[in-house]
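J.: Let me begin by handing over the structure; questions about it come next.
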Amino acid sequence: MRHQTTIANRFVAAVRRLGAVALLGGATAAALAAALAAVPAAADFRICNLTKSRVGIALGYKDAEGWATEGWWNLPIGNCETLLRGSLAARFYYIYAIDYDRGGEWSGHAFMCTRDKEFTIRGTADCLARGFDRTGFFEVDTGEQQTWTVQLTETGEMAQRPIAPGQPAGPSPGTRPAAPPLPGSPAR
């Protein structure tokens, strides 16, 4: 998926740096290893499935090329998935999720294009005319944070895991209130 820088790439780069420094002496290499261990984790956009069902996820976002939707991530019960890796480039992201086992969905009034199979679709206009489904996504306001986690929960249930500051529990199926249109947001 887009926006992905992996921890593996960072690890390889760190090993290369350590290898070059190891020639200077064990103490220098040990000091560098300790400094690298203190580097904070990468910023990401994550989603967690706190329901009792398997969930399918589609994501909508705006980047330098315009609006895009991507899907499907399949989240088993109790698992989390990183949808975008690295620092977040936008304030607003859009989620649509389906409960595979019991039916229902997490949806909203920001309409974007999707399809039944894995997809990356550019643009939000004329979904049906272009052969796609027109699907209502709910809006996630990250408040311009660098990292964000959405937690999907059962209807009427609160998230069971602690949530880091600035990371709210996500909506329950069918309970997302309509949000007023924002400048630059997809068609509602």
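J.: Tabulate in residue order the Karplus-calculated ³J(HN,Hα) for segment 113-121, using 6.51 cos²θ - 1.76 cosθ + 1.60 with θ = phi - 60°, rounded to whole Hz; enter x for Gly and Pro.
T.: Couplings: 8, 9, 8, 5, 9, 3, 8, 9, 10 Hz.
J.: List every residue whose amide H lies under 5 Å from the amide H of L83, counting only residues 5 or more places away in sequence or on a different chain, with H placed 1.01 Å from N in the peptide plane.
T.: Result for L83 returns F45, R46, I47.
J.: Then there is this: Rounded to whole Hz and in sequence order, give me ³J(HN,Hα) for segment 122-133 from the Karplus expression 6.51 cos²θ - 1.76 cosθ + 1.60, θ = phi - 60°, writing x for Gly and Pro.
T.: Taking θ as phi minus 60°, the curve returns 9, x, 10, 8, 6, 4, 5, 5, 8, x, 10, 8 Hz for segment 122-133.
J.: So how much slack lies between D126 and R54, counting 0.36 nm per residue of separation and subtracting their Cα-Cα distance, in nm?
T.: Roughly 22.9 nm would be gained on extension.
J.: Say the dipole of segment 44-152 comes from +1 at the beta carbon of Lys and Arg and -1 at that of Asp and Glu; which of L59, Y93, P76 then lies farthest toward its positive end?
T.: Positive-end residue among those listed: P76.
J.: If we count other beta carbons within 10 Å of each Cβ, what is the order of C113, C80, fewest first?
T.: C80, C113
J.: Could you work out how far apart the two model spin labels at E118 and N74 are, taking each label as a point 7 Å from the Cα in the direction of the beta carbon, and quote it in nm?
T.: Using points 7 Å along Cα→Cβ, the separation is 1.1 nm.
J.: Return the FRET efficiency for the residue pair T82, Q145: r is the Cβ-Cβ distance, R0 is 22 Å, and the value is rounded to the nearest 0.05.
T.: Taking R0 as 22 Å, the efficiency between T82 and Q145 is 0.90.
Computed from the coordinates by the stated procedures, all read-outs in this text should not be read as laboratory data. These figures come from a predicted structure and were not determined experimentally. For neighbour counting, all protein chains shown are included, and Cβ atoms are generated from backbone atoms with ideal geometry for every residue, glycine included.
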